[in-house]
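The values are calculated or read from the model by the stated rules, or taken from the named source; none is laboratory data. Because the structure is predicted, anything quoted here is derived from the model rather than measured. Note that we place each Cβ from the backbone using ideal geometry, even for glycine, and neighbour counts take in every protein chain shown.
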Amino acid sequence: MSPNPLFESLFSNSSSTDSQRNAESPASPGSLVSGAADKRWPRFTSVFWRACCVGCFVALLLYPTVMFLSEVNSNSDIGFRGEFGNETSIIDAASWSLRTSYHFRPEKNWMNDPNGPVFYKGFYHFFYQYNPYGAAWGDIVWGHAVSRDMIQWVHLDIALVPDKWYDVQGVWSGSITVGDDGIPIILYTGSSYSAEQTQNIAYPEDPSDPLLRKWVKDHENPVLRHPRGIDFKDFRDPTTAWKDADGYWLMTVGAKMEKTGLALLYKSVDLKHWELQNNVLHAVLGTGMWECVDFYPVPVQGHHGLDTYIAAPTMKYVLKASLDDDKHDYYALGSYDTVKKTFHPDDTARDTGIGLRYDYGKFYASKSFFDPEKQRRILWGWVNESDSLVADIAKGWASVQAIPRSVWFDSKTMSNLIQEPIEEVKTLRGTRVTQRDVKLAPGDVVEVTGAVGGQLDIELVFDYPYMTNPAQYAQNRDHYDCNQGGAAYRGVFGPFGLLVLADEYLQEQTAVFFYVSYSRYHNKWTTKFCSDQTRSSLWPDVDTTVYGSFVEVLPSEDFLSLRVLVDGSIVESFAQGGRVVITSRVYPTIAADQNARLYLFNNATTAINVRNIDAWQMSSVPLRTI
Ligand code: DQQ
């Protein structure tokens, strides 16, 4: 096997001094727009801006106090409700209606990455990065819950705590591999007493227990230390191992060299003794540290999933990395060379870290697993908050997991994955509202009567807006970017879509919408899909980014489809059957619970037709613990 030139330099003296950053990158500032011709689009006046300034000033003054109290009380279950005057009273009023109720969440405190999802003896197991002592990142353990359907969960005791020299600063992310004997093994990263990132294994104490309640760390841990050339803080998050044709186990660990993100490759006979290979699975220049690498096959046809063991020419491979530098999850589709043990992207311009994303909103550190029960691949992802640390501590909880998504290769475009909420979500659907053939005139905002409440599942199909008059072509030769005006911009064929979590006076509203325009760059009609948080909350200290991406609409598709899951403070939107997904976190102060309404809107200058819209009120999932 010829060594990868990049990998050869691992044995030189180069090292990186970058340390891990666990906080979110600062949110890019959003723009507040007025500008829609229709008076039903509320304009935000100087009163709002004054509120913003006062809010920010108060938050700045309070920040050191909160951090101090957070340190002092880090072992306390009691949050800091009611201690911060006006800002906290807004949080008090809103925090429990903002709490998601059908997405996976622990009872309280901080949660981040999904870890080690697996199906074992009739139960789905889900582990997650968790701080048992507070609502900010720190003191990380592996939380654990089990479920029959990935919707109704029972929370169990913490599975792994930081109690050894090699993980005393945190039991960080990792995966589960089911060994030849059918027993699951955890591979995880420990942050040692000196902050060195080590790889470790743990076994179930009693494999006959379907709930896998107790885990034992191996006495030979750590099973891996960082290789020469890789900084001791740039070596983490082992993947699920896969069986290669020659009978060995292979797995990767994320790393970086200088600015190159890479997936180190290791080989083992027993999932315990690992040997570094002299090639990397893959590396991409300029992408920085690769966290939570994921590597799995997808069939070219069909919606079913494949186990990592399977290797056949009729499939593609997905290589995903979570980029520490920008906190987004990027994947590439390609092939796996089973002889050289290397990944090759189909399109080098859309390689891991520089092309496709799972989600164009907030979604990070994702991990997939093969569900043998239903023969599908399931994707989990962490959705952080978009408010302030002050607010998180006051609320007493932070973060939620996205609804688990079924993932498969898009055999129509041949260039992306499809993601869809798992079918079990539909078990939560209650009262349904349906409308057919709704004509939306330019400027219309039409309530979907009866679709009330902060928990909805919505399915919507628009007719694709065709150009009927050549004059429109000239008017609409514009390049539209979601964050240039958001939903308030007016074009010929957009924006049009939904306003979710909106109050009756539209003081608060989150717009999820399409915009169709002619792209001179691509020399064709293109469709943008966007989620606009600029008017989501009257609360000043929140992210107001307008998220967006192109979405491919094939010539044979004369429609635009949308599925949106709304749950308190999360809006997960799937466009065109799941080709593009955007997840937003929003914090309505008025448009929550029974005050939350749903509207169709058309801010385009052309009429738009809604073929059908269905909206279901969703049941809550109770928090159960044993
Ligand atoms: N979170 C874990 C790390 C991982 C990061 C620590 C990604 O293992 O790299 O909580 O969010």
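Details
- For the residues ARG105, ARG99, ARG81, the requirement of being at pLDDT below 95, charged (D, E, K, R), within 30 Å of ALA502 (Cα to Cα) and in contact with a strand residue (DSSP E or B) (Cβ under 8 Å, 6 or more places away or on another chain) singles out ARG99.
- For region 173-190, filtering for residues that are of a type outside the set (A, V, I, L, M), within 17 Å of ALA145 (Cα to Cα) and either within 16 Å of the ligand (Cβ to nearest atom) or in contact with a helix residue (DSSP H, G or I) (Cβ under 6 Å, 6 or more places away or on another chain) (or both) leaves 3.
- Some residue of region 348-358 being among the basic types (Lys, Arg) and surrounded by 24 or more Cβ atoms within 10 Å (Cβ to Cβ): no
- Residue within region 191-214 that is touching a strand residue (DSSP E or B) at 6+ places or on another chain (Cβ under 6 Å), among the acidic types (Asp, Glu), within 16 Å of the ligand (Cβ to nearest atom) and over 30 Å from PRO622 (Cα atoms) present: no
- Positions within region 119-134 being of a type in the set (A, V, I, L, M, F, W, C) and under 19 Å from the mean Cα position of the chain (by Cα), in sequence order: PHE126, PHE127
- Scanning region 101-112 for residues that are in a loop (DSSP other than H, G, I, E, B) and over 15 Å from the mean Cα position of the chain (by Cα) returns SER101, TYR102, PRO106, GLU107, LYS108.
- Test set (1) surrounded by fewer than 21 Cβ atoms within 10 Å (Cβ to Cβ); (2) acidic (Asp, Glu); (3) within 14 Å of the ligand (Cβ to nearest atom); (4) within 26 Å of ASP567 (Cα to Cα) - ASP139 fails condition number: (4)
- Residue match in region 476-483 (condition: within 27 Å of the chain's Cα centre (by Cα), at pLDDT 95 or above and crowded, with 21+ Cβ neighbours inside 10 Å): no
- Conditions (1) in contact with a Ser or Thr (Cβ under 8 Å, 6 or more places away or on another chain); (2) within 16 Å of the ligand (Cβ to nearest atom): number failed by TRP165: (2)
- For THR526: the one exception among (1) without any contact (Cβ under 8 Å) to a residue 40 or more places away in the chain; (2) surrounded by fewer than 18 Cβ atoms within 10 Å (Cβ to Cβ): (2)
Here is a yes/no grid of residues against (1) modelled with pLDDT under 95; (2) closer than 19 Å to PHE369 by Cα:
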| site | (1), (2) |
| --- | --- |
| TYR188 | no, yes |
| SER192 | no, no |
| LYS233 | no, no |
| GLY247 | yes, no |
| LYS256 | no, no |
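- Candidate set: region 356-396, residues that are farther than 27 Å from ALA241 by Cα and touching a strand residue (DSSP E or B) at 6+ places or on another chain (Cβ under 6 Å); chosen: the one farthest from the ligand (Cβ to nearest atom): TYR360
- Selected residue [assigned to a strand (DSSP E or B), within 16 Å of the ligand (Cβ to nearest atom) and farther than 30 Å from VAL580 by Cβ] from LEU250, LEU264: LEU264
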